C-alpha cells in the first residue's frame, strides 16, 4: 500500500449520515409532482448523481421547480439531523496527519460547506467541492482535479478518492486516482460491484491502516 500524497473524500454515507434531510427534500418534491415517495432505504440505494444531473430525468421540464422545493425542505432540516458516520472524526484526524485532505461531493456546495462548518471539520480540508462548484459534477473528472489542485497535487495515482459506492470508484478512475471503498457498499451491490483498488470495511480499519502508513517514511 503506497502512502498517498492527498486524500479526497466523498461526503454522504462516507463521512456523514445526512440521508433523512435528503429524503425529506426528495419527498417534498415528489408530493408536489404527484409522484410516489421514496423510503429511506430507496433514497440510499438510488441517490448517486448531482441534482442537476438527476432531476431532469425525475421531473422532466419542471425539474427546476422541483429543485427549489427540494432545497427548501433540505435547508430546513439538514443540520438538525446530520450525524458523523461511525468513526469518521478519528479517521479524518488521522488522515490529516498523513496527507492534505479535500472533499468532493455531489451535494450542493453551499450545503456541503454548511455541514462541514456545523461539525467543526472545515479546518481539516483544503477544499470542500460540491455540486455546482465546477462546470460539471462527479463522476466527471473536472471537479476531482479542482479538489486535488487545492491539495497541491495533480489528480493521479498518488491521490486516493474515498467513497461508499461504485459511482465514487468510477469518479476516481476517470480522474486517474486510486478508488478506495469505505464500508460494505450493501446499498450499492457490495464491494465486488464497486471494484475498488483498496477496501476498508469500517472507519476503524482505515484509521489503523493510515496510522501504520504515517509511521513509515514517505519514500517507503
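The values are calculated or read from the model by the stated rules, or taken from the named source; none is laboratory data. These numbers were taken from a predicted model, which means no experiment stands behind them. So basically every Cβ, Gly included, is an ideal-geometry build from the backbone, and we count neighbours across all protein chains shown.
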Inspect all residues belonging to the stretch 22-41 and state whether any of them is under 16 Å from the mean Cα position of the chain (by Cα) and more than 19 Å from residue 164 (Cα to Cα).
no
Taking into account only those residues within the stretch 81-107 that are assigned to a helix (DSSP H, G or I) and closer than 19 Å to residue 44 by Cβ, which is nearest to the chain's Cα centre (by Cα)?
88
Among the residues of the stretch 194-211, which ones are in a helix (DSSP H, G or I) and at pLDDT 95 or above?
203, 204, 205, 206, 207, 208, 209, 210, 211
Residue set 152, 132; condition at positive phi, touching a helix residue (DSSP H, G or I) at 6+ places or on another chain (Cβ under 9 Å) and surrounded by fewer than 24 Cβ atoms within 10 Å (Cβ to Cβ); output residue 132
Being touching a helix residue (DSSP H, G or I) at 6+ places or on another chain (Cβ under 8 Å) and surrounded by 20 or more Cβ atoms within 10 Å (Cβ to Cβ) is true for just one of 26, 58, 40. Which residue is that?
26
Please verify whether residue 76 is surrounded by fewer than 19 Cβ atoms within 10 Å (Cβ to Cβ), assigned by TED's automatic domain parsing to the domain that holds residue 49, at pLDDT 95 or above and over 25 Å from residue 209 (Cβ atoms), treating the condition exactly as stated.
yes
Selection count, the stretch 144-164, where residues are touching a strand residue (DSSP E or B) at 6+ places or on another chain (Cβ under 8 Å) and not in a helix (DSSP H, G or I):
11
Going through the stretch 202-218 in order, the residues found to be farther than 12 Å from residue 87 by Cα and either surrounded by 19 or more Cβ atoms within 10 Å (Cβ to Cβ) or touching a residue at least 12 places away in the same chain (Cβ under 8 Å) (or both) are 209, 210, 211, 213, 214, 216, 218
Residue under question is residue 118, and the condition is that it be surrounded by 16 or more Cβ atoms within 10 Å (Cβ to Cβ), under 30 Å from residue 152 (Cα atoms) and free of Cβ contacts under 8 Å to residues at least 40 places away in the same chain; does it hold?
no
Residue under question is residue 12, and the condition is that it be within 18 Å of the chain's Cα centre (by Cα), closer than 25 Å to residue 134 by Cα and surrounded by fewer than 22 Cβ atoms within 10 Å (Cβ to Cβ); does it hold?
no
